[in-house]
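Working notes, beginning with the structure itself.
The values are calculated or read from the model by the stated rules, or taken from the named source; none is laboratory data. Remember, it's a predicted structure, so these values are computed and weren't measured experimentally. Glycine gets a Cβ as well: all are built from the backbone with ideal geometry, and neighbour counts include every protein chain shown.
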Amino acid sequence: MRTAGNLQFVYFSLFLRKKFVKIMAEEIDDNDFYRENFSADSDWEVFNVQLGELLQKWDVAVDMGAPLQPEELFRCKWHVETERLDMLRNSIAVDYYEAQTTEKGSPTAESEPGSVCLQRTNCHHDLMSNLNTFGPPIRSSSELHTLARIYGLRRFVLLHPVQASGNYMKSTSEFNFFLSAAAVVAAEVSSVVPIFVQIHDPKWNFYTGVAMAPALRTHFRLIGLEQAPSECRYLSGLLTIFHDKLPSAYTQEARVSVRTTYTLDAVRIRMPLYVPFNHGLGSEDIAIDGDVERLDVQHFYALPHGYAPESSTESYLVYTWPELSESVTFDSEQRTDFVPSKAPLGKIYLSVEAFSYLSLCLADYQTVGRVTRSLESYVGRNFSGMSSGAERTNPLDKLTEHKLSGRRERNYELPSQESLTKRLPGPMTEKELIELLAYLFPDMYPEMALFPYAKQSFKDKFDPMRIKSAVPDSLVCRLSCLLATCHAHLGSLEGMAQLWAAFTRQLRLLWDNSLTVPGIAPGFPDTRTCLLHQKLQMLNVCVERRLQREAFGKRKQQQTKVTAQQQQSEADEQEEEEDEDEDDGEFYDCDEAIPSSGSPTKAVLSLKPEGRLKRLGQERLLDEPEEYLYVPETQEPVPKTEDQLQDDAEVMLKLGPGSGLSTQMMCTSLLSDMEAFKAANPRGRMEDFIRWYSPKDWEQVVDDNGESRHQLSVRMTTEGNTWQKVWEQAQPVPVARQRRLFDDTNEALKVLHYLETRNMSEIYGLTIIPTLHTGILKLIDIYSNAQVQDIFASHIEQLLNDLCRLSRSHSNELPQLENLLQELSELERRFYQFKCFERLAGYPKRSNLSEIKRQFEEILKNDNCCTIVDKKRGAAGDVVCSGGSLYELLSPKLEQDISSRLISKDYVIRSDGDTKSGEKGLYLGPQFMRAIVTGEKLRLCGAFTESTVFV
């Protein structure tokens, strides 16, 4: 009864409590107070739901991939996805890492497939595999994640604060909060991918995690000791720690993998800075230790070269014991079996830090592409000197100015050129600027010219169908490289603007004196080359046309001095000679009416032929079989640069095909040729013109009677044909009386104005491709002089292909050069690495160049490493050692002071338990521990598995 009375009392108390809570709730509701809903989901539950959705999206319940190949994790690409979740006061980033392995498929056993427990996942197989135990000791920004390096995992999920550097997890409660969430969610979604949580400061690389399997759970833990006990820094003490963590069911011996890393003295070679014409630069290398070696360059002096004083190459010797039983080796503070002479595998790794002045100059020049300031803002207005009062105060001075008596081949005896540089503001002195101009225009400064233009101009090295640049070592390439050098070393943007202004002044001086621009390929503007080269070609064409026109004018003046009587007698004699030469004479006895394709008849027999160049073989006029068909003197084709062709195309596109102005633009040259043909062949008709001008449109056909005859093509006979319209408009006007199609003076002034009005970004766009092209060619020159061009041939070819693609981009925007500049910088780093490796291998006293090149090719292919020891047991039990020459050279350096050169030791201990435990109903998972010993520091990374069958 006492117990029943107590229960009644408890029930009555609960009843009163409920009534009280109800009354209080009603009062709170009446006063509009907030009432907390304790049935709502907690932050932990919401986080679990969001994390579970992400894991399901990444298919973490499915094992992916076949067994990993040797060192595949360190060579393959990684797929990384990142999602952001809001939790508590922080935003949590969830990263998913997956190695893009070469083979896909279901996981298979590495040994004895029938004995592998079905509860194991790829995570367990990766932990037990010794094929990806040790990666390269050299760290880089693109290396794989620390967790993959430590545990050899191909897939994992990582949770960490978004701004971990300033708001990282510090307390145990935070660790347990996220770790418990990871364990619960992994069990709910049946995840086979381990999930980690980053704790403490990110620079310490501390992680804790868990991996779930149907009957196994693996705990990942990591600790670090700044001063570890001495026994824990050797294998004997580490084995004791490892066995203390194992259950009693693990009776087999553990497997051990060991790697020791030694460092050699850094190799430093000083290659001082070279700047064109050496204006006192490069003195900072004097105080730097190291052997001095200068780069041999035969061409392309306009760009700097050399390496920064702090450049060096560090070498690491790594000796590896891939897998041993714990009972066959010994390692303690007193004695160790892990010495280089007993290692079955040894490699050398090279870590280079080299900064080339050439790459730095090109990267620095790239910033000019974002500068839109005008040239006048640097050098002032009227920098060309056209209307400067100080330069030419009296217009009559032009009349008394020195005239060139006649244009001689490369005769540059010009008036004083001091005005070219003395009034240009900028950081360079007049002497320095003239020195640069003498490099660009060597014929104009014969007393200073040290680099004349070669006649062949490396034609064998330039393919205009490939890179849209200019002939190597031409004026365009020299100017482009000097601009980059001025920007990097001779005054930045101000020095660059000063040189460009002096260059345009020099061009105007050449035009005023009818002299061609040196260092430019002859002929019309070649649209396969860069635009700057085309502009200078156009200027040369204008000079040549101007000279031809002036020569023609002089001849015409001389002819006017001949009397009319002499002219008439000479004309009569010439007519008689022509009559004698021709088989059938021409008669002008009477006028003859000749119909002309529907047009009114007109007398043409009285017209005198003019402007004949030569006869067109044995061809005769269709209407006058006795008269030969003559080729007329015509105006030369009109040259156009690429931008002019593009402008014409845009105008014609806007006007449309039916526009009269569009037809006039297309037919200006055709009209001129038709008028010249009519003047030379007064009795000719359109069919005669087509036979000479467009033979393909004079077709041979067979009529119904089987007879062969010729007629105009369909496109020439179509109603409203443009050719017919132009033929009707054309009048018989010889070329001597025609209006010029090409105004050389106007076009030359257009070119000069175009170059003088470019802003800094546009100057960069005109010169960046020739600059990069020359930079690559200079690198080839350096490789060739060092006899290593064959090693880097494939890399250079790829670099040229990339430049070709960039140079022919049709985008109006400036090309994106970051990747190409990185590749170029990497090639220069590799060359410095080779020179250091050459010195390390004792060249030329102790080794030959062919052996060094063979080993360095292996370094290029194998991520900066080369095998120096590879002991293998042959069929007879003999030990085979490869790479002996380099090993014998490096071994004495280690034997001198081996203890001081040891920088780290890596121990990996594994235990797989009894392989037949699954048959006994036991599920023994893999046990893994890695110990990284660096001096007195110790880092232990464990992955210990427990069975969850009875949990």
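Data table
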| item | result |
| --- | --- |
| Residue within the range 149-170 that is in the same structural domain as residue 87 (by TED's automatic domain parsing) and over 45 Å from the mean Cα position of the chain (by Cα) present | no |
| Number of the condition not met by residue 762 [criteria: (1) of a type in the set (Asp, Glu); (2) within 22 Å of residue 486 (Cβ to Cβ); (3) touching a residue at least 40 places away in the same chain (Cβ under 8 Å)] | (3) |
| Residue check, residue 143 assigned by TED's automatic domain parsing to the domain that holds residue 927, more than 30 Å from residue 353 (Cα to Cα) and surrounded by fewer than 17 Cβ atoms within 10 Å (Cβ to Cβ) | no |
| The one condition in (1) closer than 29 Å to residue 129 by Cβ; (2) outside any strand (DSSP E or B) that residue 262 fails to fulfil | (2) |
| Qualifying residue in the range 595-611 (condition: of a type outside the set (D, E, K, R) and at pLDDT 85 or above) | yes |
| Pair list, Cβ < 6 Å and 6+ apart or interchain, from the range 615-643 residues that are over 30 Å from residue 530 (Cβ atoms) to residues that are among the small types (Gly, Ala, Ser) | 621/684; 630/680; 632/611; 632/676; 632/680; 633/611; 634/676 |
| Residue that is modelled with the highest pLDDT, among those in the range 282-316 that are in a loop (DSSP other than H, G, I, E, B) and charged (D, E, K, R) | 310 |
| Pairs where the first residue, in the range 685-699, is outside any helix (DSSP H, G or I) and the second is not polar (S, T, N, Q), C-beta under 6 Å, 6+ apart | 698/690; 698/691; 698/710 |
| From the options 570, 577, 494, residue that is over 23 Å from residue 641 (Cβ atoms), at pLDDT 90 or above and not aromatic (Phe, Trp, Tyr) | 494 |
| Top-ranked residue of the range 215-259 - restricted to ones that are assigned to a strand (DSSP E or B) and hydroxyl-bearing (Ser, Thr, Tyr), ranked as nearest to residue 195 (Cα to Cα) | 218 |
| The range 822-858: number of residues that are among the hydroxyl-bearing types (Ser, Thr, Tyr) and in contact (Cβ under 8 Å) with a residue 24 or more places away in the chain | 3 |
| Among (1) of a type in the set (D, E, K, R); (2) at pLDDT below 70; (3) assigned to a loop (DSSP other than H, G, I, E, B) - the single one residue 863 does not satisfy | (2) |
| Tabulated pairs, the range 182-194, first under 21 Å from residue 147 (Cα atoms), second of a type outside the set (A, V, I, L, M, F, W, C), C-beta under 6 angstrom, 6+ apart or interchain | 185/48; 185/52; 192/63; 192/121; 193/155; 194/209 |
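Residues are listed down the side, and each one gets a yes or a no for (1) at pLDDT 90 or above; (2) over 28 Å from residue 859 (Cα atoms); (3) buried (at least 18 other Cβ atoms within 10 Å of the Cβ):
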{"position": "272", "(1), (2), (3)": "no, no, yes"}
{"position": "280", "(1), (2), (3)": "no, yes, no"}
{"position": "319", "(1), (2), (3)": "yes, no, yes"}
{"position": "337", "(1), (2), (3)": "yes, yes, no"}
{"position": "341", "(1), (2), (3)": "no, no, no"}
{"position": "349", "(1), (2), (3)": "yes, no, yes"}
{"position": "375", "(1), (2), (3)": "yes, yes, yes"}
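This table checks each residue for (1) out of contact with any Ser or Thr (no Cβ under 7 Å at 6 or more places or on another chain); (2) among the hydrophobic types (A, V, I, L, M, F, W, C); (3) in a helix (DSSP H, G or I).
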| residue | (1), (2), (3) |
| --- | --- |
| 500 | yes, yes, yes |
| 503 | yes, yes, yes |
| 529 | no, no, no |
| 533 | yes, no, yes |
| 538 | no, yes, yes |
| 550 | yes, no, yes |
